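To start, the structure under review is shown below, and the notes come after it.
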């Protein structure tokens, strides 16, 4: 038979592992001192925690409510930044669209447009004029070579400018180098003779030769047609 315990406060109860007897053992000074009660309470709470694990969210909430002396875990949400695209120069876009009308190879058109704008700004010239001359000279072909020994996009005349290119380490078959040297030459002629007379000089005009004068005039007409109207010329105009 299970023994019966009696307490003036809790009265009679069965001795053993039951709620009434445990509470009696925890709270009644008649049976147990305070230190022992704390020990029993600790054991009971430990059993409860081990049997029912505390969710991590509960632990975090306890940490958040702790005092300033308690170190709290910090969690950072990664920030995803959208890629910053470089701004497109409006003038480069304009020259690119200009070259597109003349069916310049799309794979290199952007590079050519940037080179034309960069050199024109560097030497204070109109990039549309530079692009117009380039179209007449080579149709924007970086590997163009003429029968008169002129090479590249701006058709640099080797007998005249070859030594300059060699001395300065200029690669005349490189888009940027060829355009920049061509713009330098054009700038000098325009400074000395004016815009359209300078364009004729770029062609290689000899005022004392009627044939050279006629060729220079025809050349100027082609450049002005492309420059002024920005419309694809007839095939004959680019011959």
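Tabulated data
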item	result
FRET efficiency for residue 212 and residue 163, using Cβ-Cβ distance with R0 set to 30 Å, rounded to 0.05	0.85
Percentage of interatomic Cα-Cα distances in the range 90-238 larger than 21 Å	39
Simple spin-label estimate for residue 147 and residue 94 in nanometres, 7 Å along Cα-Cβ	3.8
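Coordinate-derived values only; no laboratory data. The structure presented is a predicted model; accordingly, all values stated were derived computationally and were not measured. Virtual Cβ from ideal backbone geometry, glycine too; neighbours counted across all protein chains shown.
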